[in-house]
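The block underneath contains the structure these notes are about, expressed in structure tokens.
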Amino acid sequence: TGRVLQAPTTRTLTELGDPTGGLAIDLPVRSSRSTPDGLYLPEAGPYPVEIVLLSPEGPELWRQTVLLNRLPTPDKAVTAAGEPLRLRAALLLPVDSGPALTINGRGAFDATTRSRLVGVGRLLEQRNDTPFSLAVRANTLAGLGRSDETWATSLSRQLTERGRAGRPVLLPYTQVATGGLVAEDATAQLTAEVDLGRRIVAETTGLPVETSTWVLDDYLTAEALGVLRAQGVTGVVAAPDRVRVSGTDRTTLRNAPVPVDGADGVRVMVADTDMAVRLAAPGAPAAVRAHGAVSELMAAWFTAAGQPESQRADPATVLPLDPATEPEVLDSLVPALTSGGPVAVDPSRPMVPPLAEDRRGTATLLTASSPDQGAAVLGSIGTDQLLSGYRSMVGDADPDLDLWTQLNSQTLSVEMPAPARSDLHQGIAREVGQKVARIRTPPSRTVVLTSRNSTVPLRFRNGLEYPVRVRLRIRAPRLEVAGGRTRVVTLQPGNNRIDLDVTSQAPGQSLLRIETTSPDGQLTVA
């Protein structure tokens, strides 16, 4: 149809294949009038093709217009570097939730989150060869792994056991107010959230985390990017409503980045959320929705191919998939992106491409308002000090430490109400206190020294299943203590005797006081 209208061709359905398994329509094309057969398409570009299904008696049953993309000859479709021009597409699949762990270490998800994650599991199950890029939240992973619900254990298995061509991108452990933490001078907490998220995702999935890209963070600021830059972040994928641009056309941000104003060395592009909505919208057949997406991507590719060769650079697009998207949509979309054509998925490459040499303009990040972070930060710091003290006593021997660390990180979630945050901090303190209470120190008693130099036996009981290190701080004004007044000792499980060699400086009664703390002094034992 359109400018290069061709005579209609009529075929019977059975000539095209088996209708139960799908039909393939091959359209031979020609670029020269001297060639006798095929559609005459003299120039590169998209051409509309109308398909009409008729019954044997003639009435029309169905009609659809699709785009046939006639590519330039290979020597004309190259970048400024002489490489084949490609549009690099990233299929970003979010695996995310709000706070997912309870104080007893169980996974917990509300009905809305459960429905969304079930959709993720369906896509992974039915499209297990799709090269997704995964926006996996570590807190969500932890909740899935600690849940006994069938859907959660199934999704956890899919994320941790099967190989995948893609890999996860960098996210904080939970959804934090990134810019709010930096504004509260809590960069250490932000860094800890990022480090914990990266470690847990890498250990759980067995996949390396792609650390150069930061995705879809409504609370990101240029100041926070200064902190993330030290973590290796050089590219940002933002929602369209979170970026204001100057000096360039806003629509081009879907296919090429610009520098972030106030964040040296960081570039930003926007995710194509409109295309994601159309792919997930019910109504049109799945294949038609996929074809529409491919046509839009090809249009961006043709725009890049139309640039002067010295300015050509690979365009890109980030497509954040709605978990409600039917697998049948990907059945049609993915083959077009993995067949070696001009639109390609390559998870090994960064989502945000380098800046083109002629790229103009800058972008300002628009940050969503977040609740005051002061109380959340203070609570997190207090619990972190408590856990640091306990860790200095037991090292990595207590598996509950990892859970408590994750629970403390979870309290910085923007989705956690203040009462729930307080409950978690109190719960962690209670659990640690119960462990420390199992370390019994010598009771108060009177010891008679029969000589100037003598030994005071101290008896400790370690009721835990692993060794514990404690610091003894000794105060005795009329006694000299061999080895100094401060020492760190290791208590093995069960009964322990520590002999304290003392020298009495004068006869009579002396007071000996011993304070037992964690080695770092943060936690008092007795």
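The values are calculated or read from the model by the stated rules, or taken from the named source; none is laboratory data. Treat the numbers as computed from the prediction; the structure is a model and nothing was measured. FYI the Cβ positions are ideal-geometry reconstructions off the backbone, even for glycines, and counts take in every protein chain you see. Areas reflect the complete protein model, heavy atoms only, side chains present, ligands, DNA and RNA absent. Shrake-Rupley method; radii C 1.70, N 1.55, O 1.52, S 1.80 Å.
Summary of values
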quantity	calculated
Percent of alpha-carbon pairs separated by more than 43 Å within the chain	38 percent
Sparse-neighbour loop sites [GluC sites (Glu not before Pro); segment 291-385; at most 10 other C-beta within 10 Å; DSSP]	E357
Counting DSSP beta bridges with both ends in segment 1-130, the antiparallel % (nearest 5)	85 percent
The chain - share of DSSP beta bridges that are antiparallel (%, nearest 5)	65 percent
Measure of compaction for segment 239-354 (Cα Rg per 2.2 N^0.38 Å)	1.13
Carbon and sulfur %, accessible surface of segment 160-218 computed with the full protein complex present, 1.4 Å	47 percent
Among V345, G427, G98 - extreme Cα towards positive end, dipole of the chain, charges at beta-carbon	G427
Extension gain, R478 back to T211 (0.36 nm per residue minus Cα-Cα distance, nm)	90.1 nm
Cβ-defined net charge surrounding G145, 13 Å radius [Lys, Arg +1; Asp, Glu -1]	-1
Charge dipole (the chain, unit charges on Cβ, about Cα centre) - positive-most of T516, S444, Q492	S444
For segment 130-201 and segment 467-506, distance of Cα centres in Å	45 Å
Net charge of Cβ neighbours under 14 Å - reference I439; Lys, Arg +1; Asp, Glu -1	+4
Three-way shape label, segment 1-142, alpha-carbon gyration tensor, a/c 1.5	oblate
Segment 1-129, relative contact order [Cα under 8 Å, separation at least 6], %	13 percent
Among T113, T14, S332 - extreme Cα towards positive end, dipole of the chain, charges at beta-carbon	T113
Within the chain, longest stretch free of exposed trypsin sites (Lys or Arg not before Pro) [DSSP loop, at most 16 other beta carbons within 10 Å]	163-359
Environment charge at I381 (Cβ cut-off 12 Å; Lys +1, Arg +1, Asp -1, Glu -1)	-3
Loop GluC sites (Glu not before Pro), segment 136-223 (other Cβ atoms within 10 Å of the site Cβ: 15 or fewer; DSSP)	E149
With Cα atoms, 0 to 90° folded angle of helix 374-394 axis to the chain main axis	60 degrees
Pairs of alpha carbons in segment 278-407 whose separation is greater than 17 Å (percent)	75 percent
Accessible surface of F302 - all protein chains present, 1.4 Å probe, nearest 10 Å²	40 Å²
Gyration tensor (alpha-carbon) shape descriptor, segment 434-526, a/c threshold 1.5	prolate
